[in-house]
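Trainee: Please read through the structure below; I'll follow up with questions.
Since every read-out is calculated from the coordinates, none of them should be taken as a lab result. Nothing here was measured: the structure is a model prediction, and the numbers come from that model. Cβ placement follows ideal geometry from the backbone for every residue including glycine, while neighbour counts extend to all protein chains displayed.
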Amino acid sequence: MLRKRDYVILIAVLISVLAAVYLTFTEVRSLRSTLSAIEDEKNAIESLNDKAVYLQEIKNKEQDYATVLEEYNRMIPSKPGKNDIIGTMYELGKNCSVDITEIKFDAEVKGQRLMNLPFTINLNGDYIDIFSFFEGIRQQKRIYNIININLTRESSTSDNVYANILLNSYYVK
């Protein structure tokens, strides 16, 4: 038969076991919430790291973007630049051995986002040199659109050709 002292020990052991189970259960719940919080923090850190990598890539490409923007600004500048056009055409004519007799600007045409700057060039020279001039126009950084070309031969025995060229240039308004 169990004595009173054995009952006390048994009750004390049971209380100790129950307390240990309760404390273990409470600790497991606490650890689960801590693990969940750690997982959330890990996901937040990974998300921020991905954003940091993306921003670093953009920063690394900043110079590339600046170069592309500069090229676009040369292709379609923010002002008419008539003097630049005249200088470019005369330089191109000199390089292609053609004589430019006149450059005449027509009225600007307003578009939705761009202004159209039409102009006419009268020139003369050898047939091949005139076509070299056209190729030079095509190779320019600024966009030029050739609208019309009229070629007239000086005489049946001459290689000299007169050209009247209608072009468009553009700028951002």
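Trainee: For the stretch 150-164, what does the Karplus curve 6.51 cos²θ - 1.76 cosθ + 1.60, with θ = phi - 60°, yield as ³J(HN,Hα) per residue in whole Hz, taken in order and with x for Gly and Pro?
Mentor: Result, rounded to whole Hz: 10, 10, 9, 7, 4, 7, 5, 9, 9, 8, 6, 10, 9, 10, 10.
Trainee: Lysine pairs in the stretch 1-123 with alpha-carbon atoms under 15 Å apart, 8 or more places apart or on different chains: how many are there?
Mentor: Pairs that pass both the separation and distance tests number 4.
Trainee: With Cβ to Cβ distances under 13 Å as the rule, what net charge do the other residues near Asp126 carry (K, R +1; D, E -1)?
Mentor: That works out to -3.
Trainee: Please compute the net charge surrounding Thr88, taking Lys and Arg as +1 and Asp and Glu as -1 over other residues with Cβ under 10 Å from its Cβ.
Mentor: Net of charged neighbours comes to 0.
Trainee: GNM on the chain, C-alpha springs below 10 Å: top fluctuator among Asn124, Asn148, Asn116?
Mentor: Of Asn124, Asn148, Asn116, the most mobile in the Gaussian network model is Asn148.
Trainee: Quick one: what are the phi-derived ³J(HN,Hα) couplings along the stretch 95-111, Karplus 6.51/-1.76/1.60 with θ = phi - 60°, whole Hz, x for glycine and proline?
Mentor: Karplus values, whole Hz, x for Gly and Pro: 5, 9, 6, 10, 9, 8, 9, 7, 10, 10, 8, 9, 5, 5, 10, 8, x.
Trainee: Still on this structure: What's the extension gain from Val68 to Asn124 if we count 0.36 nm per residue and subtract their Cα-Cα distance?
Mentor: Full extension of this stretch gives 16.5 nm more.
Trainee: Could you tell me how many degrees, from 0 to 90 and to the nearest 10, lie between the Cα long axis of helix 4-60 and the main elongation axis, the longest principal axis, of the Cα atoms of the chain?
Mentor: Helix 4-60 sits at roughly 10 degrees to that axis.
Trainee: Please tell me the relative contact order of the chain in percent, rounded to the nearest whole number, where contacts are Cα pairs under 8 Å and at least six residues apart.
Mentor: Relative contact order comes out at 20 percent.
Trainee: Quick one: net charge of Val161's neighbours, Cβ under 12 Å, K/R +1, D/E -1?
Mentor: Counting the neighbours of Val161, the net charge comes to -4.
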